[in-house]
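Asker: Handing you this structure, nothing more for now.
The values are calculated or read from the model by the stated rules, or taken from the named source; none is laboratory data. On a predicted model such as this, the values are computed, not experimentally measured, just so you know. Virtual Cβ from ideal backbone geometry, glycine too; neighbours counted across all protein chains shown.
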Amino acid sequence: MVTENLKKFETPVFPFTAIVGQEEMKLALQLNVIDPKIGGVMIMGDRGTGKSTTIRAITDLLPKIEVVKNDPFNSHKSDLELMGNEVRSAIQNNEPIETEFIKIPMVDLPLGATEDRVCGTIDIEKALTEGIKAFEPGLLAKANRGLLYVDEVNLLDDHLVDILLDSAASGWNTVEREGISIRHPARFVLVGSGNPEEGELRPQLLDRFGMHAEIRTVKDPILRVKVVEERTSFDQNPALWLANYESKQQELRDKIIDAQKLLPTVEIEYDLRVKISEVCSQLDVDGLRGDIVTNRAAKAHAAYDKRDKVTIEDISKVITLCLRHRLRKDPLESIDSGDKVGKVFREVFEIEN
C-alpha cells in the first residue's frame, strides 16, 4: 500500500519517443545503453535545449534488472564483475540469495558533492573498536549497473571528474582510509552535460568520454512551436500523454533489448577496422581510445538495426560522435571538428560528397 501511494507522487518522466529533434544526443544515449563499454557520453549544448529531459527520459526506456535484495551495490547474482564482496562470500558458502527486479538506477551527481559523498566513507572508529569494516556506500555504489548523470560537468572539480572517469573505465571503486581498504563494483554509463560558454573540459578528461554529442537550439519556427506545444500538453495531462506514447516506448524498449542480445555476435570486417584506424591516424588522434570506441559504437549501431555485420553506413553514423572531441584544437582553425572528421572519413572510405 505504501509503495502504491509513493508511486502517485513520482514525477512523470517525459517520454523519450516524444522528444523532437536532437537525433545526435538520442543516438549516443541509446548506443551507450546497448553497450555500456562505449564509455559514456558528453553532451555539450546551449541552455534550455532539453539535455536533462532527454537523459532522464532514456532511463524510463530501460528494462528492469535483477539485483540481490537489500544489497547496496545492486549486485548481480552470478557475474563476479558486478557483485560486492558480501554477495560473493555468500555464493562461495552456498548460502541462499534472494533477488528482486528494480528499475535501472539513474543517479544524479550534485555539483557541490564531496569526494566522501561520491566514493563512500569508512567509519574508522567503528572499524577499530568493533573490528569490522564499517563502510557507508556513496553515489558510485548506487550507480552500479545504472547511469550516473553529471549536469554542468565542466564546472565540477577536476579531481572528482578524474574519480568518476576512473571508476567508469575500470568498473570498480576503491576507498582507502587509515590503511583500511574497501573495493566495490561501480560499472555505470557516465553521462555528462554542459554549456560550452561556461568553459571546456580539459582535453585529457574529454578524451575519456566515449562519445561527444553537440546540440543546438532548434532554429525552425514550426519545429519550435511543436516542441513548446508538446511540452505544454504533457505538463497539463502527463497520464494521458504517457498512455498515448506507451506503445512507441515499448517498441523502442524491445528494440534496445534485442540489440543487447545480438551485440556479442556482431562482427566488423578487417578492412573496415583498418579504415577506421586510418581515419584516426590522419586526424592525428592521440592514443587508441578513438579506434576502440568507434569499433564498439559501430557494432552497437549494427545491433540496433538488427544486423550482425557492420556496414560503412554504421560507421558514418557514429564516427563523428566518437572522434570530434579527440582532435587537437587549433585556435586559428575555423572548420568545426565534426566537419573535419566527416571530411577525412569520406576521403578514407572513398565516399563522394
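Asker: Does residue 201 meet the test of being over 30 Å from residue 76 (Cβ atoms), of a type in the set (A, V, I, L, M), in the same structural domain as residue 25 (by TED's automatic domain parsing) and touching a residue at least 12 places away in the same chain (Cβ under 8 Å)?
Answerer: yes
Asker: Residues of the range 114-128 being surrounded by 14 or more Cβ atoms within 10 Å (Cβ to Cβ), in contact with a Leu (Cβ under 9 Å, 6 or more places away or on another chain) and not in a strand (DSSP E or B), which ones?
Answerer: 115, 117, 118, 119, listed by residue number.
Asker: Please go through (1) loosely packed, with under 14 Cβ neighbours inside 10 Å; (2) within 21 Å of the chain's Cα centre (by Cα); (3) free of Cβ contacts under 8 Å to residues at least 12 places away in the same chain for residue 166 and return the number of the only condition it doesn't satisfy.
Answerer: The single condition residue 166 does not satisfy is (1).
Asker: Another question, then. Go through the range 308-323 residue by residue and tally those that are under 15 Å from residue 31 (Cβ atoms) and in contact with a helix residue (DSSP H, G or I) (Cβ under 8 Å, 6 or more places away or on another chain).
Answerer: Count: 11.
Asker: Looking at 284, 291, can you tell me which residue is in contact with a Ser or Thr (Cβ under 7 Å, 6 or more places away or on another chain), outside the structural domain of residue 207 (by TED's automatic domain parsing) and within 25 Å of residue 205 (Cα to Cα)? Don't jump to the end; show me each part of the working.
Answerer: Details: 284 fails: in contact with a Ser or Thr (Cβ under 7 Å, 6 or more places away or on another chain).
The conditions single out 291.
Asker: Residue check: is residue 115 among the charged types (D, E, K, R) and in the same structural domain as residue 185 (by TED's automatic domain parsing)?
Answerer: Here the answer is yes, as residue 115 does meet what is asked.
Asker: Please determine whether any residue of the range 86-107 is assigned by TED's automatic domain parsing to the domain that holds residue 189, more than 17 Å from the chain's Cα centre (by Cα) and under 30 Å from residue 198 (Cα atoms).
Answerer: Scanning the range 86-107, I find no residue that is assigned by TED's automatic domain parsing to the domain that holds residue 189, more than 17 Å from the chain's Cα centre (by Cα) and under 30 Å from residue 198 (Cα atoms), so the answer is no.
Asker: Applying the selection to the range 74-105, what residues are touching an Asp or Glu at 6+ places or on another chain (Cβ under 9 Å) and under 17 Å from residue 144 (Cα atoms)?
Answerer: Answer for the range 74-105, where residues must be touching an Asp or Glu at 6+ places or on another chain (Cβ under 9 Å) and under 17 Å from residue 144 (Cα atoms): 75, 76, 77, 83, 84, 86, 87, 99, 100, 101, 102, 103.
Asker: Another question, if that's okay. Taking only pairs six or more apart or across chains, which ones have beta-carbon atoms under 9 Å, a first residue in the range 220-238 that is in the same structural domain as residue 11 (by TED's automatic domain parsing), and a second residue that is loosely packed, with under 10 Cβ neighbours inside 10 Å?
Answerer: Pairs that qualify, where the first residue is in the same structural domain as residue 11 (by TED's automatic domain parsing) and the partner is loosely packed, with under 10 Cβ neighbours inside 10 Å: there are none.
Asker: Continuing with this model, one more query. From the list 344, 279, 310, exactly one residue is touching a strand residue (DSSP E or B) at 6+ places or on another chain (Cβ under 9 Å), surrounded by 13 or more Cβ atoms within 10 Å (Cβ to Cβ) and among the hydrophobic types (A, V, I, L, M, F, W, C). Which is it?
Answerer: 310
Asker: Also, quick follow-up: List the helices (runs of 4 or more DSSP H) that sit entirely inside the range 1-113 and contain at least 1 residues that are surrounded by 18 or more Cβ atoms within 10 Å (Cβ to Cβ) and modelled with pLDDT of 85 or more. Outline the logic, then answer.
Answerer: Numbers: elements: 2-8, 23-34, 51-61, 85-92.
The helices (runs of 4 or more DSSP H) meeting that bar are 23-34, 51-61, 85-92.
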